[in-house]
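Enquirer: Here you go, one structure.
The values are calculated or read from the model by the stated rules, or taken from the named source; none is laboratory data. Given the structure is predicted, the values throughout are model-derived calculations rather than measurements. Glycine gets a Cβ as well: all are built from the backbone with ideal geometry, and neighbour counts include every protein chain shown.
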Amino acid sequence: MKNFRLKFFPISKVHLMILILFAAAFCTGSLLGKTTGQLLPDYGSVSASSENTSWGLSFQEKGKRPIGNASIEELKKYNAYYAADTEEKIIYLTFDCGYENGNMPKILEALKKHQVSATFFVVGSFISDHPDLLRKMIQAGHTIGNHTMTHPDMSSISSMQGFQKELQDVEELYQSATGSSMPKYYRPPRGIYSPVNLSMAKELGYKTFFWSLAYVDWYVDNQPTKEEAFEKLLGRIHPGAIVLLHSTSSTNAEILDELLTKWEEMGYTFKGLDELVGQPQA
């Protein structure tokens, strides 16, 4: 039997380093696969069954209701809404009010001119800083909703006690300012929610409202132009829309009168959220 000699080829430092990096990458990928069950992330659709998410919309066709993270049917079991299931040209106009920066008088003036009753979702400081303005809004026929005391990520609050406090503190300010109980309408700050939160809100007697039409209007130092606003708000309006605007937007204050006129010319009428849910609020 012949003797065999193993012949060793010299390996450079560069080649050695490549081999080490390749081995490390292989081991890391194997470990990741065992840990997650897959090597590629799963970008599945988000719905009301997810742990927590931010409300989002996908516009498929002009003049048609967009697809939301959760359907009207999925949200219904939580007494939550994002649009009306109708082909009738109705708009439910809502505003988020984090604070007052001088735009509200012009907004109220336009709403009065067009005889539109809107819902304003306010944070606690809006009530404590502007109780007279709040009363004026109510006297003008508008509804006040709860946008929480401190505008936190509500999906991060896991206890009923903590969740309730964010809403109850606003209720108490409203009661003190108006002498009446606050309507049980709730909008999650930044649209961040979880099924647990929606269940908590329902248990507390609240109805939760997302939206089916909004646009980037909340950066006060980088406001959209009139043309940009109309492109979104006219191009994406649809029957049964819950429209979200921010009262801090100078663009919204400037265009609201004309915007309402244009929507009316398109055949739309306006209703309050009371009519959407089918029962009056206190």
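Enquirer: So R236 fits all but one of (1) farther than 23 Å from I67 by Cα; (2) out of contact with any Asp or Glu (no Cβ under 7 Å at 6 or more places or on another chain); what number is the exception?
Expert: Condition (1) is where R236 drops out.
Enquirer: Got a number for residues in region 252-282 being under 20 Å from M137 (Cα atoms) and of a type in the set (V, I, T)?
Expert: 1
Results for (1) at pLDDT 95 or above; (2) farther than 27 Å from N103 by Cβ; (3) among the charged types (D, E, K, R), shown as yes or no for each residue.
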residue: D129; (1), (2), (3): yes, no, yes
residue: G141; (1), (2), (3): yes, no, no
residue: G162; (1), (2), (3): yes, yes, no
residue: S180; (1), (2), (3): yes, no, no
residue: R187; (1), (2), (3): yes, no, yes
residue: M200; (1), (2), (3): yes, yes, no
residue: E203; (1), (2), (3): yes, yes, yes
residue: T208; (1), (2), (3): yes, no, no
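Enquirer: In region 58-78, which residues are touching a residue at least 12 places away in the same chain (Cβ under 8 Å), surrounded by fewer than 19 Cβ atoms within 10 Å (Cβ to Cβ) and in contact with a Leu (Cβ under 8 Å, 6 or more places away or on another chain)?
Expert: Answer for region 58-78, where residues must be touching a residue at least 12 places away in the same chain (Cβ under 8 Å), surrounded by fewer than 19 Cβ atoms within 10 Å (Cβ to Cβ) and in contact with a Leu (Cβ under 8 Å, 6 or more places away or on another chain): just P66.
Enquirer: Could you go through region 188-195 and let me know if any residue there is buried (at least 21 other Cβ atoms within 10 Å of the Cβ), within 22 Å of D153 (Cβ to Cβ), among the basic types (K, R) and touching a strand residue (DSSP E or B) at 6+ places or on another chain (Cβ under 9 Å).
Expert: Within region 188-195, not a single residue is buried (at least 21 other Cβ atoms within 10 Å of the Cβ), within 22 Å of D153 (Cβ to Cβ), among the basic types (K, R) and touching a strand residue (DSSP E or B) at 6+ places or on another chain (Cβ under 9 Å).
Enquirer: With surrounded by 14 or more Cβ atoms within 10 Å (Cβ to Cβ), in contact with a helix residue (DSSP H, G or I) (Cβ under 8 Å, 6 or more places away or on another chain) and basic (K, R) as the only criterion, which of K136, K165 stands out?
Expert: After applying the criteria, what remains is K136.
Enquirer: Going through region 189-198 one residue at a time, which ones are over 19 Å from D96 (Cβ atoms) and touching a helix residue (DSSP H, G or I) at 6+ places or on another chain (Cβ under 9 Å)?
Expert: S194, V196
Enquirer: Also, quick follow-up: Scan region 99-126 residue by residue and report those that are among the hydrophobic types (A, V, I, L, M, F, W, C) and outside any helix (DSSP H, G or I).
Expert: Result: V116, A118, F120, F121, V122, V123.
The rows are residues; the columns are (1) surrounded by 14 or more Cβ atoms within 10 Å (Cβ to Cβ); (2) more than 17 Å from V116 (Cβ to Cβ); (3) modelled with pLDDT of 95 or more; (4) among the aliphatic types (A, V, I, L, M).
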{"position": "R236", "(1), (2), (3), (4)": "yes, yes, yes, no"}
{"position": "G240", "(1), (2), (3), (4)": "yes, no, yes, no"}
{"position": "L260", "(1), (2), (3), (4)": "yes, no, yes, yes"}
{"position": "Y268", "(1), (2), (3), (4)": "yes, no, yes, no"}
{"position": "G272", "(1), (2), (3), (4)": "yes, no, yes, no"}
{"position": "P280", "(1), (2), (3), (4)": "no, yes, no, no"}
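Enquirer: With respect to T248, is the statement that it is modelled with pLDDT of 95 or more, part of a loop (DSSP other than H, G, I, E, B) and among the β-branched types (V, I, T) true?
Expert: yes
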